[in-house]
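The values are calculated or read from the model by the stated rules, or taken from the named source; none is laboratory data. Because the structure is a prediction, the values reported are computed rather than measured. In this analysis, Cβ positions are derived from the backbone assuming ideal geometry, glycine residues included, and neighbour counts consider all displayed protein chains. Remember, those area values only see protein heavy atoms, side chains included, never the ligands or the DNA or RNA. Shrake-Rupley method; radii C 1.70, N 1.55, O 1.52, S 1.80 Å.
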Amino acid sequence: MKKFFLVSIALLGGFAMQAFAQQDWGPEWGDTAEIRQQNVMEFNFLRNRIQNQEYGPAAFYLQNLLRNAPTGTIGIYIHGVRMYHTRLRATQNREQRAVYLDSLIMLSRMAIELFPPQNNEQLRQRIDLIRTMAVEFQNVHPMDREGVARQYREAIELMGEDADPVVVLTYFDLLATDYRDDLVSMEEFLSEFDRLTPIIQAVGTEEQVRQFEGILARSGAANCEGIERLYGSQIDEYPDDLRLLEMVITLLNRAGCSGTEFYLKVAELYYKVEPTPNTALLIASYYSARGDRAMAQRYHREALGNETDPSRRAEILISIAAAQLEDRNYQQAYNYARQAAQLDSRNATAFYLMATSIAATAQNIQDPFRRQTVHWLIVDNLQQARQLGFTAVNIGNQIAQYQANFPPVEELFMRNLNEGATYTVNEGWITGQTTVRRRP
């Protein structure tokens, strides 16, 4: 039985080899049928040797295939890259790592040049090869900052419209580090931000775009003077370039430059090209930063008059309320915030501004008990803001402070008020229904 089994295996192997020999491969594998079959067999040997970690014979077959069938299949290069990638990661010898890296890069570039992607799988293979070149160069030569940056720039250029957002983020983060270490000028850094912005916006998720912008914010490069120096002449040359205006105003806002003359110049040009509520608010923010409340209100009202979406109207009302609060017009601030809450009941900031406006006025109420009842309204609005997710301040501490000013239980007893009962506050413009509570 054993002999019969061995004979059967031999016959099967023979049939397989015969079938393989009869199959004719494409001209990319060689000039004749015999040469093509030999090259395909060597490709199979290459895969098997690499799989078995027999890298000496694998390198022999790889060299033969590069010489005799360089356009046979991209798989030749993918397997070769994997082999050198594995060997690179397995040794700490500096010279060997450099040799393996050179081989990896050479094979990757040959594959990229010889095999334009025809489908999604080939595109994925191409992206993987490009990414690997940049990542491994950085791993082998981490101190060659110029070389690392060059590799990532080349990777992004080779990927084109299919750029990997992770590669873009990695490169820009490296560039930010180099800027902080005085290896890259502010002009070069911001210029790369300008070049990469449409790329990351096209290929990245919202979170990745935020990460990209966060790198710029943390770098310290986007200051008022630097932005004007870099983009001032472009703004003069292209005053109606919407994308340029939007990008520059975003940089200026992020850098806290809303009170500068350059900001007003860009905002007014932006408003001229795109006269929307949003661009009107940009000009309002300039005048707010300069303390010109009349002009700020003018543009706030202009934005409000042109906005029809309820949630956006609520946001504009919030801006107006905040400006009124800063000017100590507490009743006006409260009214605008209340209108915002009526338009958008999920707007946490509206309730916080209402609480803040009431609190600023409550201190002027002379009667202690009446002042304490107003604190009920304040806490009502603060709790509503917290429930809706307001996190700009430690709202819990504020609630505790106002609760400490609730009437003591003795006061409620003397006034025949029961905890949990409805109570109407009526202190001038501060009015509303609340709930009776005692001091904790």
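Annotation: D182 fulfils all but one of (1) open to solvent by less than 40 Å² (accessible area, probe 1.4 Å); (2) without any contact (Cβ under 8 Å) to a residue 24 or more places away in the chain; the unmet one is (1).
For the stretch 408-428, indicate whether the set of residues that are surrounded by 12 or more Cβ atoms within 10 Å (Cβ to Cβ), touching a helix residue (DSSP H, G or I) at 6+ places or on another chain (Cβ under 6 Å) and not in a strand (DSSP E or B) is non-empty. Checking the stretch 408-428: not a single residue is surrounded by 12 or more Cβ atoms within 10 Å (Cβ to Cβ), touching a helix residue (DSSP H, G or I) at 6+ places or on another chain (Cβ under 6 Å) and not in a strand (DSSP E or B).
Among the residues of the stretch 363-371, some residue qualifies, meaning at least one is at pLDDT below 95, part of a loop (DSSP other than H, G, I, E, B) and touching an Asp or Glu at 6+ places or on another chain (Cβ under 7 Å).
Quick check on L281: is it within 27 Å of Y171 (Cα to Cα), assigned to a helix (DSSP H, G or I) and open to solvent by less than 60 Å² (accessible area, probe 1.4 Å)?
On the way: within 27 Å of Y171 (Cα to Cα): no; assigned to a helix (DSSP H, G or I): yes; open to solvent by less than 60 Å² (accessible area, probe 1.4 Å): yes.
No; evaluated as a whole, the condition is false for this residue.
Do the conditions hold for E157, that is, is it modelled with pLDDT under 90, open to solvent by 10 Å² or more (accessible area, probe 1.4 Å) and under 28 Å from the mean Cα position of the chain (by Cα)? Step through it out loud before you land on a result.
Working: modelled with pLDDT under 90: no; open to solvent by 10 Å² or more (accessible area, probe 1.4 Å): yes; under 28 Å from the mean Cα position of the chain (by Cα): yes.
So E157 fails the test.
Scanning the stretch 167-179 for residues that are without any contact (Cβ under 8 Å) to a residue 40 or more places away in the chain and either closer than 21 Å to Y84 by Cα or of a type outside the set (S, T, Y) (or both) yields a total of 4. Based on what the data block shows, is I365 farther than 29 Å from D309 by Cα and open to solvent by less than 50 Å² (accessible area, probe 1.4 Å)? Judged against the criteria, I365 is a match. If you filter the stretch 286-301 down to residues that are surrounded by fewer than 23 Cβ atoms within 10 Å (Cβ to Cβ) and in contact (Cβ under 8 Å) with a residue 24 or more places away in the chain, you find that the one that is nearest to Y336 (Cα to Cα) is Q297.
Among V374, V436, V393, which is the only one that is more than 24 Å from Q324 (Cβ to Cβ) and of a type in the set (A, V, I, L, M)?
Values: V374 fails: more than 24 Å from Q324 (Cβ to Cβ); V393 fails: more than 24 Å from Q324 (Cβ to Cβ).
Being more than 24 Å from Q324 (Cβ to Cβ) and of a type in the set (A, V, I, L, M) holds for just one of V374, V436, V393, which is V436.
Please list, ordered by residue number, the helices (runs of 4 or more DSSP H) wholly in the stretch 32-147 having 3 or more residues that are aliphatic (A, V, I, L, M), open to solvent by less than 70 Å² (accessible area, probe 1.4 Å) and closer than 30 Å to E188 by Cβ.
On the way: elements: 33-51, 55-68, 75-90, 94-114, 120-140.
Of the helices (runs of 4 or more DSSP H) lying wholly inside the stretch 32-147, those with at least 3 residues that are aliphatic (A, V, I, L, M), open to solvent by less than 70 Å² (accessible area, probe 1.4 Å) and closer than 30 Å to E188 by Cβ span 94-114, 120-140.
Look at Y334 and say whether it is open to solvent by 20 Å² or more (accessible area, probe 1.4 Å) and either among the charged types (D, E, K, R) or more than 30 Å from L269 (Cβ to Cβ) (or both). For Y334, the condition - open to solvent by 20 Å² or more (accessible area, probe 1.4 Å) and either among the charged types (D, E, K, R) or more than 30 Å from L269 (Cβ to Cβ) (or both) - is met. Filter the stretch 111-161 for residues that are touching a residue at least 12 places away in the same chain (Cβ under 8 Å), under 30 Å from E28 (Cα atoms) and of a type in the set (K, R) and give the result. Correct list: R126, R131.
Got a sec? Which of I235, I316 is modelled with pLDDT of 85 or more, open to solvent by less than 10 Å² (accessible area, probe 1.4 Å), under 30 Å from F390 (Cβ atoms) and in a helix (DSSP H, G or I)?
The unique qualifying residue is I316.
Looking at this structure, is Q201 touching a helix residue (DSSP H, G or I) at 6+ places or on another chain (Cβ under 8 Å), free of Cβ contacts under 8 Å to residues at least 12 places away in the same chain, assigned to a helix (DSSP H, G or I) and open to solvent by 60 Å² or more (accessible area, probe 1.4 Å)?
Details: touching a helix residue (DSSP H, G or I) at 6+ places or on another chain (Cβ under 8 Å): yes; free of Cβ contacts under 8 Å to residues at least 12 places away in the same chain: yes; assigned to a helix (DSSP H, G or I): yes; open to solvent by 60 Å² or more (accessible area, probe 1.4 Å): yes.
Judged against the criteria, Q201 is a match.
Pairing each residue of the stretch 323-345 that is closer than 16 Å to L377 by Cβ with any residue that is of a type outside the set (G, A, S) and open to solvent by 40 Å² or more (accessible area, probe 1.4 Å), provided the two are 6+ apart or on different chains, yields C-beta distances under 6 Å for Q331/W429.
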